[in-house]
Amino acid sequence: MKSSILVSCSLVLGGVLTGCGGGGSSSGNDSGAVTSGEGSTAVTAPDTYTFDSNFSNGDSSIAYPGQTFRQVLIDDLKTYIGDSTKDTSSAATIETELLALYDFDDATSAAENIRFSLDGQALDQTVYSDISSGKNLKGKMAGNDNELPLGRFIGGGTTTSPEDYLVDVLFSDYANLASSVTAPTVNVNGANESIDVDYVSAAGIDYKQMVQKFLLGAVAYSQGTDDYLNTDFAASLTQSEGKTYSGAEHKWDEAFGYFGAARNYNEYSDDEIAGKGGRTEFGSGYNDYSGSGTIDLMSEINLANSVNCAKRDRADLGTDFTADAFGAFLTGRAIITEATVNGEMTTARQTELDEAIATASLTWEKCVAATVVHYINDVKADIDDFKDSATGYTDLDQFKDYAKHWSEMRGFALGLQFNSNSPFLADTSSEAQLETVLTKMGSAPVLVEAGSAALTTYQANLDDALDIMQDVYEFTDAQIAGW
């Protein structure tokens, strides 16, 4: 998005929807106008994700606490794995703690403090019950709540489901690693040096990154794109019992909640969404939009893939993922709000809504795919730094950075299989290409001990993966090289 506050729009129900203007990168693309046919009157979408209730005067019709709850659980798993003060007395203890966050139980944990924090910034929500109740990650894991788009799980080795991969591989392997009495070592300047964190293995797997990135795909991205955006919105325009919204409005909001954008996403620059500077009140990726003095995790912070969109736009390579995605979410919600008010979804409006769904889904996926490209490039660059070394890694940080980048690359890439509308799932040939990308990445990074020739071959394999990503998503040469 632009570095200054962007275009304002307003919603006028009963006519054609005009998308809110917005910019993400220096390309300054606007989300443009959406017309519904000859003779219609024009309406515009709001520039913030703000929609009043048609059923309760003066109330908002927006609600997605369950999605925020799961965003926090995913982040809390990452924080737990990275916590050097946790009890690592046994693998069983660690697995119990991991499962307690994955299969969250209100009866035992509702009053516990969330681990999520913003460096001293006060939050509206401090314990889990402040956010929601009756929610966990397990119930929304791809393959548990919805069908796997491929009909199978790929990239998980011998495991046959995303849950088995998470629990039986990532959780189990990490628990054994962290509870080990002896820290694993790597070759640094010709000597064995102990790895100084308990979440990076000698094989180069960073479990803190792998768990988080895999769950962002297998829960948040899967649910947002493959479940909620695939709703038959026209069939659920009536009021949800006792609620301020229609069923259609709520389903759309739940998709938006998994995307993770703040309600005033349009007002941030890309640097600010990414937490890379900007105005003081925006520059850390959150903004006290309500003026309450605290940050509401439901509405005033950018989370998950909404942040990755801005990170890729920051490269100034002709994308405007932030504006395209947010514009589509605003457009779709305004169409659904209008249909809720009118009690019907016209054919013309359904066509517009289908376009908004396609844009939101594809743009969201492109943000993930571009992030995979980014980490492939990081891994290749890491290898350049040590592949000709005869004495191992220059220092321990070099190895840990390599493990981090590889794990982020692999974790994000695994998520691309969870959207049935993905370009990768267009046909059996495309499906094979996704499997090839994961195969080229390997199930673990190639380490310095393998030697220069093996590392050079691995870089060539990653180049092959980049070629596939470019072909499937129609990324430019500059984008492939620059991310």
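The values are calculated or read from the model by the stated rules, or taken from the named source; none is laboratory data. All figures in this text were calculated on a predicted structure; none of them were measured in a lab. Every residue, glycine as well, gets a Cβ built from its backbone with ideal geometry; the counts of neighbours run over all protein chains shown. When the accessible area is computed, the model is the full protein with side chains, heavy atoms only, and any ligands, DNA or RNA have been set aside. Shrake-Rupley method; radii C 1.70, N 1.55, O 1.52, S 1.80 Å.
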Within region 303-440, how many Lys pairs sit with Cα atoms under 23 Å apart, leaving out pairs fewer than 8 places apart on the same chain?
15
Normalised by the residues of the chain, what does the relative contact order come to in percent, with Cα pairs under 8 Å and at least six apart?
20
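How large is the charge dipole for region 201-296, taken about the Cα centre, if only the Cβ atoms of Lys, Arg (+1) and Asp, Glu (-1) carry charge, to the nearest 20 debye?
Working: 7 positive and 15 negative charges, 51 e Å.
I would put it at about 240 debye.
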Inverting the mean 1/r over all pairs of different Cα atoms, compute the Kirkwood radius of region 253-324 and quote it in Å.
12.1
How much net charge surrounds Pro423 when only the other residues with a Cβ under 12 Å from the Cβ of Pro423 are counted, with Lys and Arg +1 and Asp and Glu -1?
-4
Enumerate the lysines that Lys251 could reach by cross-link, defined here as Cα to Cα under 20 Å, with residues fewer than 8 away along the same chain left out.
Lys135, Lys138, Lys140, Lys243
On the protein heavy atoms, probe 1.4 angstrom, tell me the percent of accessible surface of the chain carried by carbon and sulfur.
44
Which whole-angstrom value gives the distance between the alpha carbon centres of region 136-171 and region 363-402?
26
Can you return the aspartates and glutamates within cross-link range of Lys213? Criterion is Cα-Cα under 12 Å, with same-chain partners fewer than 8 residues away left out.
Asp75, Glu408
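How much area per residue is accessible in region 227-287 when the probe is 1.4 Å and only protein heavy atoms are counted (Å²)? Before the final figure, lay out the partial values.
Numbers: 2140 Å² over 61 residues.
That works out to 35 Å² for each residue.
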Reported to two decimal places, what Rg/Rh ratio describes the chain when computed on Cα atoms with Rh from the Kirkwood expression?
0.97
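Would you tally the net charge around Tyr245, using a Cβ to Cβ cut-off of less than 12 Å, leaving Tyr245 out, and scoring K and R as +1, D and E as -1? Intermediate values should be presented prior to the final figure.
Numbers: positive: Lys243, Lys251, Arg333; negative: Asp52, Asp59, Glu241, Glu249, Asp253, Glu254.
Its environment carries a net charge of -3.
In Å², and per residue, what accessible area does region 307-386 have when probed at 1.4 Å with the other protein chains present?
On the way: 2230 Å² over 80 residues.
I get 28 Å² per residue for region 307-386.
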The answer for region 104-148, accessible area per residue at 1.4 Å probe in Å², is 53
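Among the helices of the chain (complete DSSP H runs), which have Cα atoms covering no less than 15 Å along the helix axis and a Kyte-Doolittle mean of at least -1.0? It would help to have the intermediate numbers written out before the result.
Numbers: long enough: 65-82 (26 Å, -0.22); 91-102 (16 Å, 0.97); 247-259 (19 Å, -0.88); 321-342 (31 Å, 0.72); 347-386 (59 Å, -0.03); 396-414 (27 Å, -0.75); 428-441 (20 Å, -0.19); 452-473 (31 Å, 0.00).
Result, helices passing both filters: 65-82, 91-102, 247-259, 321-342, 347-386, 396-414, 428-441, 452-473.
Report the charge-dipole magnitude of the chain in Debye, nearest 20, computed about the Cα centre from +1 at each Lys and Arg Cβ and -1 at each Asp and Glu Cβ. The partial results should precede the final answer.
Working: 28 positive and 72 negative charges, 16 e Å.
Charge dipole, the chain, about its Cα centre: 80 debye, nearest 20.
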Furthest towards positive pole of dipole, Tyr207, Val186, Ala142, structure part region 80-223, Cβ charges:
Ala142
